[in-house]
Amino acid sequence: MFKIIKLAVLYCSFVMVCIFGSPIAASASEVTPQSSRASSTVEITGRWNQGPVFASAVSGNYLYFGSSGTVRVVAVEKDGSRNAVAWEEVASIQTDGVVRDMILRDDHLYIADGSGWLRLVNIKNPRKPKLSGKLELDSEIKAIHIENDRVYIAAGWKGIHMIDVSKPHKPELIDSFPSKGYSLDLVVKEGIAYVAAGHDAGLQISDLSNPSEPKALGSHPIAGSASGIDTNGRHVFVVNMDDHEPSLSIFDVSDKDNPTQVAAEPLEYGAERVRIDGNLAYVAGVANDAGLIVIDIADPANPKKLGAWWDSTCSESVTIDNQIAYLAHGDQGLEVLDVRKPDEPIVIKHFSAAGHVRGIDTQGDYAFVANGYRGLKIVDVTDGANPKDVSELKTYRALDVDVAGPFVHVADDWAGYKLIDISDPTNPLEVSSLDTPGYAEGIQVNGHYAYIADGEGGLRILNVSNPKQPVEVAAVSLGGYAYEVSVQNDIAYVAAGKAGLVAVNVSIPTSPIILDSYKFSDRKFEARGVDVRGAHAYLAAGYMGLLVVDITSPNDLKSAGIFETKWRANNVSISGDRAFLIDSASIKVLDIRNPEAPVHIGDQKLPANAARIHANDVGVYVAGMESGLIIFEP
């Protein structure tokens, strides 16, 4: 159990790094296309996008919750005491990006879309929702609140957006207020905005009653990252994430210029969100606090923890409706908990969702998806426009997959290696497993051997000739973090982070030998992904972009070409004379007929960050993290 908790902490810490790390810009070299191709872009064919759940909202007899790029609408049957007793999905609403937050008022659902859009959906007939209006915002969207005819958006480094929604068909941006810190969550009461402002900035209070003259009022520091906030009027409640002082912090804000902390209820690691309902605070916790925590705040100066429902997967937010808690449970979906006994929350309903899609491989009519904490997902992609669920097998945290015949080989993060029989795709079966010392990030199978990029554990080589008993036969320390491995002609090429591209002779798998490495000391350089074709290795090299390496002599790796990107290059896949590169914002399509001078011939914006890309003659498949599996025409 300790290891599971430890990894949950590491995972959530990684998420925080992704949230707060500022991209290091590189000079772009997106050359004007010189290719004679008729088509130079990729277009979305289909999307399997019922991914993680970050937010929910309830109104009357209907529940709404975001599942990646979809809002799922659920009819809630209630008894004579208005207690929820049954649920049925009745409709869905599609968005371009990932649903980050949502809020209800009257006949409209306000959706904060992670791709930068505010959407207003008319739900007068919840079974037939209709888009009323939308507004594109040039920023991240982290949280949403509404008061009167104004919507307020917590917009990361951009602070707070104020939007007039008096005309639902035509929302208009009034202004943006650069609140101190990184706005992660906010609540507005009588024109006063209370903001959970991330690392160091803590609680920030602003007067937005006159949008043309917004004013910063008081603030209060909070250890770590202030991530969630709510208020009951007199008091403000803030949760944070921190290694040393995680807590539910309670502030008296009767003097807006000088908020006073009156109490702090300790947590083990922290939480994403908090919601107040009467005399109770409901906390959506992460890592060691993952799940739901209920705290008595009847006396704000003396909060008392009453009960908790714990799960190893981080939770994201919580909505309360008549003693029912709807817990957005990230990769796992949505948990419905009965909290009539706050010292003993009980799950009474579960809606499954998908995890963060991290890796992808294809065979025949199927895509095999490394689906984070949901494990292996098998999707029928016969019709790329309409991918269909086939089956699922839960593993610890699937990060990459490689299909070989009737087996899928899984890089399962902290849990190491999994071997799964897919001879019947509708019923995958785990055959065997083997722990590795690091975090299994990437995998490739070649003959009877599986090669695992094992994070800090370097390159691990497994003999899998006996599927029921895989055996590690060798390990290679690389001096960096191993993200991905590609094997060609008895040479394993490992993308090893700051250690660069490392060439390892595996002609005798039990006695691997490092031949050479290719790297830069530039801080923008980080080898994160690799694909090998012929005499060249194509390296997704972080903020340096795509590097082409001449591997004619694996003992003497040489620079051959470069394509610089503005954002971090995460992964690359080669198909024919095209390279498909994913960065933090898009797919870049490159003509590599001359590997020494890759030519940018098109791109396609992605709805969210992506982890890996897999291209073949049939299609281009993107492991889109929280935005699911995205399929493009080649």
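The values are calculated or read from the model by the stated rules, or taken from the named source; none is laboratory data. All of these numbers come straight from a predicted model, not from anything done at the bench. Note: ideal-geometry Cβ built from the backbone for every residue, glycine included; neighbour counts use all protein chains shown. To get the accessible areas, we keep the full protein, side chains included, count just its heavy atoms, and leave off ligands, DNA and RNA. Shrake-Rupley method; radii C 1.70, N 1.55, O 1.52, S 1.80 Å.
Yes or no, residue by residue, for (1) in contact (Cβ under 8 Å) with a residue 60 or more places away in the chain; (2) open to solvent by less than 10 Å² (accessible area, probe 1.4 Å); (3) over 27 Å from the mean Cα position of the chain (by Cα); (4) over 24 Å from residue 233 (Cα atoms):
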| residue | (1), (2), (3), (4) |
| --- | --- |
| 297 | yes, yes, yes, no |
| 302 | no, no, yes, no |
| 306 | no, no, yes, no |
| 312 | yes, no, no, yes |
| 315 | no, yes, no, yes |
| 322 | yes, no, yes, no |
| 325 | no, yes, no, no |
| 334 | yes, yes, no, yes |
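Might you check whether a residue that is under 20 Å from residue 53 (Cα atoms) and open to solvent by less than 20 Å² (accessible area, probe 1.4 Å) occurs anywhere in the range 252-273? Yes, some residue in the range 252-273 is under 20 Å from residue 53 (Cα atoms) and open to solvent by less than 20 Å² (accessible area, probe 1.4 Å). Could you tell me whether residue 108 is under 27 Å from residue 327 (Cβ atoms) and touching a residue at least 60 places away in the same chain (Cβ under 8 Å)? Yes; evaluated as a whole, the condition is true for this residue. Of the residues 383, 412, 402, the single one that is touching a Phe, Trp or Tyr at 6+ places or on another chain (Cβ under 6 Å) and not β-branched (Val, Ile, Thr) is 412. All of 382, 362 fail the test of being of a type outside the set (Lys, Arg) and in a strand (DSSP E or B), apart from 362. For the range 265-289, taking the residues that are touching a residue at least 40 places away in the same chain (Cβ under 8 Å) and not in a strand (DSSP E or B), the one that is nearest to residue 304 (Cα to Cα) is identified as 289.
The selection criterion, being more than 30 Å from residue 353 (Cβ to Cβ) and at pLDDT below 95, holds for residue 601. Quick check on residue 291: is it more than 20 Å from residue 198 (Cβ to Cβ), out of contact with any Lys or Arg (no Cβ under 9 Å at 6 or more places or on another chain) and surrounded by fewer than 18 Cβ atoms within 10 Å (Cβ to Cβ)? In short, no. Within the option set 222, 163, 229, 205, being of a type in the set (A, V, I, L, M) and either open to solvent by 60 Å² or more (accessible area, probe 1.4 Å) or part of a loop (DSSP other than H, G, I, E, B) (or both) holds for one residue only, 222.
Go through the range 166-202 and report how many residues are of a type in the set (Gly, Ala, Ser), assigned to a strand (DSSP E or B) and either without any contact (Cβ under 8 Å) to a residue 12 or more places away in the chain or open to solvent by less than 10 Å² (accessible area, probe 1.4 Å) (or both). Going through the range 166-202 one residue at a time, the tally reaches 3. Pairing residues of the range 348-371 that are farther than 17 Å from residue 427 by Cα with residues that are of a type in the set (S, T, N, Q) and assigned to a strand (DSSP E or B), at Cβ distances under 6 Å and at least 6 apart in sequence or on separate chains, gives 353/67. Within the range 358-406, the set of residues being polar (S, T, N, Q) and open to solvent by 20 Å² or more (accessible area, probe 1.4 Å) comprises 362, 363, 382, 386.
Residue 509 meets all of the listed conditions (1) within 27 Å of residue 405 (Cα to Cα); (2) in contact with a Leu (Cβ under 7 Å, 6 or more places away or on another chain) but one, namely (2).
Counted as qualifying within the range 459-545 are the strands (runs of 3 or more DSSP E) with 1 or more residues that are open to solvent by 20 Å² or more (accessible area, probe 1.4 Å), namely 459-463, 471-476, 484-488, 501-505, 513-518, 525-533, 536-542.
Taking the criterion of being without any contact (Cβ under 8 Å) to a residue 12 or more places away in the chain and over 15 Å from residue 492 (Cβ atoms), no residue of the range 435-458 qualifies. The criterion of at least 2 residues that are touching a strand residue (DSSP E or B) at 6+ places or on another chain (Cβ under 6 Å) and among the hydroxyl-bearing types (Ser, Thr, Tyr) is met by the following strands (runs of 3 or more DSSP E) wholly inside the range 547-634: 571-575. Selection over the range 509-540 of residues that are more than 15 Å from residue 581 (Cα to Cα) and of a type in the set (Gly, Ala, Ser) gives a count of 5. For first residues located in the range 248-264 and over 12 Å from residue 304 (Cα atoms) and among the hydrophobic types (A, V, I, L, M, F, W, C), partners that are modelled with pLDDT under 95 and surrounded by fewer than 18 Cβ atoms within 10 Å (Cβ to Cβ) and lie 6+ apart or on another chain with Cβ distances below 8 Å form the pairs 253/234.
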